[in-house]
Amino acid sequence: MSDAARVRTLASRRASESFVRGLAAGVTALTVVGLASVLFSVVGYGARGLSMTTLTALPRPAGVPGGGVANAIVGTLLLVALACAIALPVGLLAGIHLAEARTGKLVRLARTAADALAAVPSVVFGIFVFGVLVAWMKHFSALAGGAALALTMIPTVTRATEVAVRAVPERLREAALALGATRHRVIAQVVLPSAARGIATGVLLAVGRAAGEAAPLLFTAWESRFFCDDLREPTASLPVSIFTYTISPYDDLHAQAWAAALVLVSLVLVFQVTARLLSKRRDDVS
Amino acid sequence: MSTVPPSTPPPPHVEKMRAENLGAKFPDAVALRGITMPVIEHKVTAVIGPSGCGKSTFIRCLNRMHEVVPGATTSGDVLLDGKSIYGSAVDPVGVRRKVGMVFQKPNPFPEMSVRDNVLSGLRLNGIRPASPDVVVEAALTQAAMWDEMRDSLDRPGGSLSGGQQQRLCIARCLALEPEVILMDEPCSSLDPIATARIEELIHDLRERYTIVIVTHSMQQAARVSDLTAFFYLGELVEYGLADVLFTRPEDPRTEEYITGRFG
């Protein structure tokens, strides 16, 4: 009887295992379906509106056919570059400090602050920069947009740098110190080269996210119908163009919104795939 | 001084280093207490004792690597050529250039080539050697691995075998032309053949360098050392000529340890 009970238990355990396995596989498939359907609709609708004109021409007034989002593409690249120029020095140095100093009041505070900053909705950064920079300069500007995007990037870059620097084995630091290296040479010549791939992965993920943000740009970079030739002037960007075209009542603008979405997704995908390739190569080595 | 144990080697000998009432602490434990002991020039000094007796901490105090651990402190003094290495004006970076170190687990820079590993000590000190090839060949020759490495200088350090990695670490240390080499259980992760090669190497290196080696193997200490120090519970129990210490130990604790009754 006890044997039969054991067999039943085994059978029921097998059953519950296959149920949970099935559930997990189903949920996993759902995430793939989610991504696939987004990509499918973006590519499907976007490809229809996409042409060389979309990539190379400036917007035309509503109702006039033709025109493109060239200024928004350039604007997005410009904003991301500006954001990197601000966020990378801050994030890299802060991350290195958090990893190397490890303990201390300031370090704990900074680590908590970076985590809290990562949880702040990006629209709040937009309002903040509006209140500080835009109100002070008295108009929207590419600079303000870059600053708002930088704020969204700093926590990601900081924590990614900290994790990558901390993952460098202690024995390599000791090896360098025992060779008579000063602390900053150890960091510059041993720690950072070992951590470079991990840091690059984090930076690319942050860049990919920042490139797709519309909320922080709405009250900072605003938009423009022309190429940005002055950082103190507003600039167009893909996310904001998608937003304004989508809420407009014109069909050809809707088509352009889809095309812009396709361009944006491709851009972000390039960042994400590069990041993935970098982190994969890192796993192979270690 | 009366604390110098009786069986130091016959003269002439020069004290290259000297620990004076040396103590070492970690935030939560005392690792060393009142160590007074010379390190004789051009001799191999072995430090033996059971795990946790402070022998690794002791040699890490000799090149100021102990203080690298957060919260770790030292007391007393260590002299190098008669001068304190713990003086307020002394830069630990300069001490570590003169007193090199080889670690328990081989730690070549894994992605650097063999050549760059050998040159890394110089580069980390901001020195660009005029003829790097000469430096690389000389250091690898001294580490008894030039013949097997001469055609593999571009291989990454991490791709070598454990024994080769450890000899590469020795070559990296030698390229800086240190005066003293500290070795912290350099063979504990190596197989017997690789161990034998390192022991031979230690034998050859004493001509030019002063060597302090920590080992948990009494056989190894007996094979490689001229002088041996036995540490127990953070204290120096006995120090003297290796053959005397291993055949006629003075302290009962030394005798118990070397006859295998504890440890």
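The values are calculated or read from the model by the stated rules, or taken from the named source; none is laboratory data. All values derive from a computational prediction rather than experimental measurement. All Cβ positions, even for glycine, are placed from backbone atoms using ideal geometry, and neighbour counts span all protein chains on display. Accessible surface areas use protein heavy atoms only, side chains included; no ligands, DNA or RNA. Shrake-Rupley method; radii C 1.70, N 1.55, O 1.52, S 1.80 Å.
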**Request:** Could you calculate the FRET efficiency of A:Ser41 with B:Ile127 from 1/(1 + (r/R0)^6), where r is the beta carbon distance between them and R0 is 60 Å, rounded to 0.05?
**Result:** 0.50
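At 1.4 Å probe size, put A:Asp229, B:Asp77 in order of accessible surface, largest to smallest. Kindly include the intermediate steps, with their values, before the conclusion.
Numbers: A:Asp229 145, B:Asp77 40 Å².
The residues order as A:Asp229, B:Asp77, largest area first.
In segment B:36-135, how does Rg compare with the Kirkwood Rh, expressed as the Rg/Rh ratio over alpha carbon atoms?
Over the Cα atoms of segment B:36-135, Rg/Rh equals 0.99.
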**Prompt:** How many nm is it between the label spots at A:Leu30 and A:Ala81, if each spot is 7 Å from the Cα in line with the beta carbon?
**Reply:** 4.3 nm
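For chain A, take N as its residue count and report Rg(C-alpha) divided by 2.2 N^0.38 Å.
Relative to the 2.2 N^0.38 Å estimate, chain A comes out at 1.29.
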**Prompt:** Roughly speaking, to the nearest percent, how much of segment A:2-49's 1.4 Å accessible area is carbon and sulfur?
**Reply:** 71 percent
**Prompt:** So which chymotrypsin sites (Phe, Trp or Tyr not before Pro) in segment B:155-263 are both in a DSSP loop and have at most 16 other Cβ atoms within 10 Å of their Cβ?
**Reply:** B:Phe262
**Prompt:** Gap in Å between the Cα centre of segment B:98-112 and the Cα centre of segment A:45-92?
**Reply:** 51 Å
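For chain A, what is the charge dipole size about the Cα centre, in debye to the nearest 20, if Lys and Arg each add +1 at the Cβ and Asp and Glu each add -1 at the Cβ?
Roughly 1120 debye, rounded to the nearest 20.
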**Item:** Threshold 50 Å² - residues in segment B:100-133 whose accessible area is reduced by that much or more when the chain is no longer isolated, probe 1.4 Å
**Value:** B:Asn107, B:Phe109, B:Glu111, B:Leu124
**Ranking by accessible area, most exposed first, for A:Val191, A:Val33, A:Val263 with a 1.4 Å probe** = A:Val33, A:Val263, A:Val191
**Prompt:** Roughly to the nearest percent, how much of the accessible area of chain B is carbon and sulfur, given a 1.4 Å probe?
**Reply:** 50 percent
**Message:** Springs between alpha-carbon pairs under 10 angstrom, Gaussian network model over chain B: which of B:Pro249, B:Pro108, B:Pro186 fluctuates most?
**Reply:** B:Pro249
**Request:** Can you send over the solvent-accessible area of B:Asp147, 1.4 Å probe, protein chains only, in Å² to the nearest 10?
**Result:** 120 Å²
**Prompt:** If Lys and Arg each add +1 and Asp and Glu each add -1, what is the summed charge of the other residues whose beta carbon sits under 14 Å from the beta carbon of B:Arg64?
**Reply:** +2
**Asked** In the structure shown, do any of B:Lys16/B:Lys105; B:Lys55/B:Lys83; B:Lys55/B:Lys98; B:Lys43/B:Lys105; A:Lys105/A:Lys138 have a Cα-Cα gap over 30 Å, and if so which?
**Response** A:Lys105/A:Lys138
**Prompt:** B plus A alone minus the pair: what accessible area, both sides summed, probe 1.4 Å, in Å² to 100?
**Reply:** 1800 Å²
**Item:** Occluded residues from segment A:134-175, i.e. those whose accessible area drops by 40 Å² or more once the chain is not alone (1.4 Å probe)
**Value:** A:Arg171, A:Leu172, A:Glu174, A:Ala175
**Fill in**
Rounded to the nearest 500, the 222 nm mean residue ellipticity computed for chain B from DSSP H runs (n ≥ 4, each -39500 (n - 2.57)) alone is -9500 deg cm²/dmol
**Item:** chain A - accessible surface per residue (Å², probe 1.4 Å)
**Value:** 53 Å²
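I'd like the trypsin sites (Lys or Arg not before Pro) in segment B:158-253 restricted to DSSP loop residues with at most 16 other Cβ atoms within 10 Å, sorted by number.
Of the trypsin sites (Lys or Arg not before Pro), the ones in loops of segment B:158-253 whose Cβ has at most 16 other Cβ atoms within 10 Å are B:Arg208.
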**Asked** Using +1 on the beta carbon of Lys and Arg, -1 on that of Asp and Glu, and nothing else charged, what's the dipole of segment A:163-276 about the Cα centre, debye to 20?
**Response** 900 debye
**Complete:** For segment A:22-103, shape from the Cα gyration tensor axes a ≥ b ≥ c, cut at a/c of 1.5 then a/b versus b/c, turns out oblate
**Message:** Starting from 0.36 nm per residue, how many nanometres of slack lie between A:Arg8 and A:Ala118 once their C-alpha separation is accounted for?
**Reply:** 34.6 nm
**Request:** Show that you can apply the helix-only estimate: for chain A, add -39,500 (n - 2.57) for every DSSP H stretch of four or more residues, divide by all residues, and state [θ] at 222 nm to the nearest 500.
**Result:** -25000 deg cm²/dmol
**Fill in**
Check: C-alpha center segment A:210-286 vs C-alpha center segment B:229-250, spacing in Å is 73 Å
**Order of exposure, largest accessible area first, which applies to B:Leu241, A:Leu269, B:Leu201 with probe 1.4 Å** = A:Leu269, B:Leu241, B:Leu201
**Message:** In chain A, once you exclude exposed trypsin sites (Lys or Arg not before Pro) (DSSP loop, at most 16 other Cβ within 10 angstrom), what's the longest stretch remaining?
**Reply:** A:1-101
**Prompt:** What are the extents of the Cα atoms of segment A:95-254 along their three principal axes, listed from largest to smallest and rounded to whole Å?
**Reply:** 68, 31, 28
**Fill in**
Simple SL model, points at 7 angstrom along Cα→Cβ for A:Leu109 and A:Thr56; separation in nm is 5.6 nm
**Item:** Local electrostatic count, A:Glu233, Cβ distance below 14 Å [Lys/Arg +1, Asp/Glu -1]
**Value:** 0
**Fill in**
The orientation-averaged projected area of the Cα convex hull of chain B, in nm², is 14.4 nm²
**Request:** Using a 10 angstrom cutoff on alpha carbons, build the Gaussian network for chain A and name the most mobile of A:Ala25, A:Ala261, A:Ala11.
**Result:** A:Ala11
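Taking 0.36 nm per residue of sequence separation and subtracting the Cα-Cα distance, how much length would be gained by fully extending the chain between B:Asp151 and B:Ser75, in nm to one decimal?
Using 0.36 nm per residue and subtracting the Cα-Cα distance, I get 22.6 nm.
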**Fill in**
Membrane-span-like helices (DSSP H runs, Cα span along own axis at least 30 Å, mean Kyte-Doolittle at least 1.6) in chain A -> A:70-101
**Fill in**
Summing +1 per Lys or Arg and -1 per Asp or Glu among the other residues with Cβ less than 11 Å from B:Leu32's Cβ gives +3
**Request:** Could you list the chymotrypsin sites (Phe, Trp or Tyr not before Pro) in segment A:206-286 that lie in coil according to DSSP, counting only those with at most 16 other Cβ atoms within 10 Å of their Cβ?
**Result:** A:Phe226, A:Phe227, A:Tyr250
**Prompt:** Short version: which residues of segment A:179-195 lose at least 50 Å² of accessible area, all chains versus chain alone, 1.4 Å probe?
**Reply:** A:Leu179, A:Gly180, A:Arg185, A:Gln189
